[in-house]
Amino acid sequence: MTNLILLGPPGSGKGTQGERLEVQLSLPRLSTGDMLREAVKNGTDLGQKVAPIMKAGELVPDEIVVGIIDERTQEPDCSGGFILDGFPRTMPQAEALERMLKARGTGVSQVLNIAVPDEVLIDRCVGRRLCSNKDCGAIYHVKTNPPAKEGVCDKCASELVHRPDDRAEAVQERLQNYHRQTEPLEDFYQARGVLVNVDGVGAPDEVFERARQALAGGAGGSGGA
Ligand code: AP5
């Protein structure tokens, strides 16, 4: 069983690399950001609660995301493992995940930590465009990875959207939250011998090749099972 975590600041490429890794590893990618954005789009009770928090670039309360991941990872498509994108991002979330997986006789196999300097991250987020079709979810960038036709997804022809939290001020807030609340997880997973670092600067395919090699030769790999 392979349980892989993608760790890295906003815009570091967790989604971009996660799209590639889910194909390579044949595992589902569980993005808490995508799940929460879907709830917002559908106007569910959860969506109405988290919409202002997300728009401001703040983190959603731990108990909400822990509950989402606890349920989602018990679905049949996760029986062979999964890729977590955007979870955990606080120490209580990491501890809850550890308890959750231990109770199921498994654990975290590897944590891919994607490093990118802050100034690059701001440009990546502000220029990002996303496919509005949740079954597609393709990720573009107006400069580095533009669609063939402006505002239209190459893969499914749906409209491309700009996330409300990709405004420069919200990105700054997300970066500060990352450094304060999520970065300490690097030490947490380093101490458990499962942290694999990768340089996230360069073309997406180059970063993927580096990530693939780092994971193949890196720490962890047992999944605790
Ligand atoms: P979430 O959706 O998880 O956002 P994030 O962590 O801020 O990460 P991003 O999606 O912004 O970036 P990414 O690393 O996936 O980069 P991407 O591949 O898209 O969370 C959003 C919000 O939800 C949070 O702020 C919070 O409110 C809430 N939330 C979610 N999970 C939570 C949790 N566990 N606890 C509490 N709250 C939670 O790439 C970015 C751009 O760069 C794209 O345009 C892409 O084309 C481009 N790009 C990518 N790689 C490269 C490259 N190598 N070179 C050039 N361009 C590149």
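The values are calculated or read from the model by the stated rules, or taken from the named source; none is laboratory data. These numbers were taken from a predicted model, which means no experiment stands behind them. Quick reminder, even Gly has a Cβ in these numbers, built from the backbone with ideal geometry, and neighbours come from all protein chains shown. Calculation scope for accessible area: heavy atoms of the full protein, side chains included, ligands and nucleic acids excluded. Shrake-Rupley method; radii C 1.70, N 1.55, O 1.52, S 1.80 Å.
Observations on the model:
- Some residue of region 172-180 being under 18 Å from Arg124 (Cα atoms) and aromatic (Phe, Trp, Tyr): yes
- Qualifying residue in region 47-55 (condition: farther than 19 Å from Ile114 by Cβ, at pLDDT below 95 and open to solvent by 70 Å² or more (accessible area, probe 1.4 Å)): yes
- Criterion violated by Phe82 - all others in (1) near the ligand (Cβ under 7 Å from one of its atoms); (2) open to solvent by less than 10 Å² (accessible area, probe 1.4 Å) satisfied: (1)
- Scanning region 131-179 for residues that are over 19 Å from Asp205 (Cβ atoms), over 21 Å from the mean Cα position of the chain (by Cα) and among the basic types (Lys, Arg) yields one hit, Lys149.
- Residue under evaluation Val152, criteria (1) open to solvent by 70 Å² or more (accessible area, probe 1.4 Å); (2) away from the ligand (no atom under 13 Å from the Cβ); (3) of a type in the set (Val, Ile, Thr), criterion not met: (1)
- For region 7-35, the candidate set comprises residues that are among the small types (Gly, Ala, Ser), free of Cβ contacts under 8 Å to residues at least 60 places away in the same chain and open to solvent by less than 50 Å² (accessible area, probe 1.4 Å); within that set, the residue that is nearest to the ligand (Cβ to nearest atom) is Gly33.
- Annotation note: of Thr90, Thr144, the sole residue that is within 10 Å of the ligand (Cβ to nearest atom) and at pLDDT 95 or above is Thr90.
- Qualifying positions in region 126-141 - near the ligand (Cβ under 8 Å from one of its atoms) and among the β-branched types (Val, Ile, Thr): Ile139
- Long-range neighbours under 7 Å by Cβ, at least six apart or interchain, first residue at positive phi within region 114-140, second open to solvent by less than 40 Å² (accessible area, probe 1.4 Å): Gly137/Leu130; Gly137/Cys131
- Put simply, of Ala51, Ala103 the only residue that is free of Cβ contacts under 8 Å to residues at least 40 places away in the same chain, more than 7 Å from the ligand (Cβ to nearest atom) and under 23 Å from Leu175 (Cα atoms) is Ala51.
- All positions within region 120-166 that are in a strand (DSSP E or B) and not polar (S, T, N, Q): Arg128, Arg129, Leu130, Cys131, Ile139, Tyr140, His141, Val152, Glu159, Leu160, Val161
- Checked against the criterion of being under 24 Å from Pro52 (Cβ atoms), near the ligand (Cβ under 10 Å from one of its atoms) and open to solvent by 30 Å² or more (accessible area, probe 1.4 Å), region 177-185 has at least one qualifying residue.
- Residue in region 162-169 that is over 26 Å from Asp135 (Cβ atoms) and surrounded by 18 or more Cβ atoms within 10 Å (Cβ to Cβ) present: no
- Members of region 189-213 found to be under 18 Å from the mean Cα position of the chain (by Cα) and open to solvent by less than 40 Å² (accessible area, probe 1.4 Å), listed by number: Tyr189, Val194, Leu195, Val196, Val198, Gly200, Val207, Phe208, Ala211
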